[in-house]
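Undergrad: Here it is: the structure, laid out below.
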Amino acid sequence: MYIRKDDVVEVVTGDDKGTRGKVLKVLRGRDQVVVEGVNRVYRHLKPSRRNPQGGRLSKEMPVDAMLSICSRGTTSDAPSARLSTRAVEDSPAMIPVRTRPSSVATL
């Protein structure tokens, strides 16, 4: 996975399609990321001594990085680019390569 914390990513599938946000957390073992403002859910809190009124807490949940987050931009205004890998000459290593936005296929 080539997405890191503090990258600006764009969601390309799902309910939040077209939304850009900053990566808050990367869950490498599950290939998921938590993106600011994407996949928000409500946690309903019962009244307690600490919180006598109760209420709803809105928070972001992880999304699948390989299926939902396929493009990455450097800032929120810059066009995003898909990531792919390319083999390095004389080495078994693969490096991430950004493709230009004009060559991105629409899904």
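Undergrad: For region 33-57, enumerate the residues that are surrounded by fewer than 16 Cβ atoms within 10 Å (Cβ to Cβ) and among the aliphatic types (A, V, I, L, M). Reasoning before the result, please.
TA: We begin by selecting, within region 33-57, every residue surrounded by fewer than 16 Cβ atoms within 10 Å (Cβ to Cβ); these are 36-37, 40-57.
Within region 33-57, VAL41, LEU45, LEU57 qualify.
Undergrad: Residue pairs, Cβ under 9 Å, 6 or more apart or interchain, first in region 44-64 and under 28 Å from GLY29 (Cβ atoms) and without any contact (Cβ under 8 Å) to a residue 40 or more places away in the chain, second charged (D, E, K, R) and outside any strand (DSSP E or B). List them.
TA: Pairs that qualify, where the first residue is under 28 Å from GLY29 (Cβ atoms) and without any contact (Cβ under 8 Å) to a residue 40 or more places away in the chain and the partner is charged (D, E, K, R) and outside any strand (DSSP E or B), are GLU60/GLU36; PRO62/ARG30; ASP64/ARG30; ASP64/ASP31.
Undergrad: Kindly provide the set of residues from region 28-61 that are of a type in the set (A, V, I, L, M) and within 15 Å of the chain's Cα centre (by Cα), ordered by number. Before the answer, list the steps.
TA: Of all residues in region 28-61, those of a type in the set (A, V, I, L, M) come to 33-35, 38, 41, 45, 57, 61.
Hits for region 28-61 are VAL33, VAL34, VAL35, VAL38, MET61.
Undergrad: Select from region 1-32 the residues that are farther than 13 Å from MET66 by Cα and not charged (D, E, K, R) and write down the one among them that is surrounded by the fewest Cβ atoms within 10 Å (Cβ to Cβ).
TA: GLY18
Every number here is computed from the coordinates shown, using simple stated rules; none is lab data. Remember, predicted model here, so these are calculated numbers, not experimental data. With ideal geometry, Cβ positions are generated from the backbone for all residues, glycine too; neighbour counts draw on all protein chains shown.
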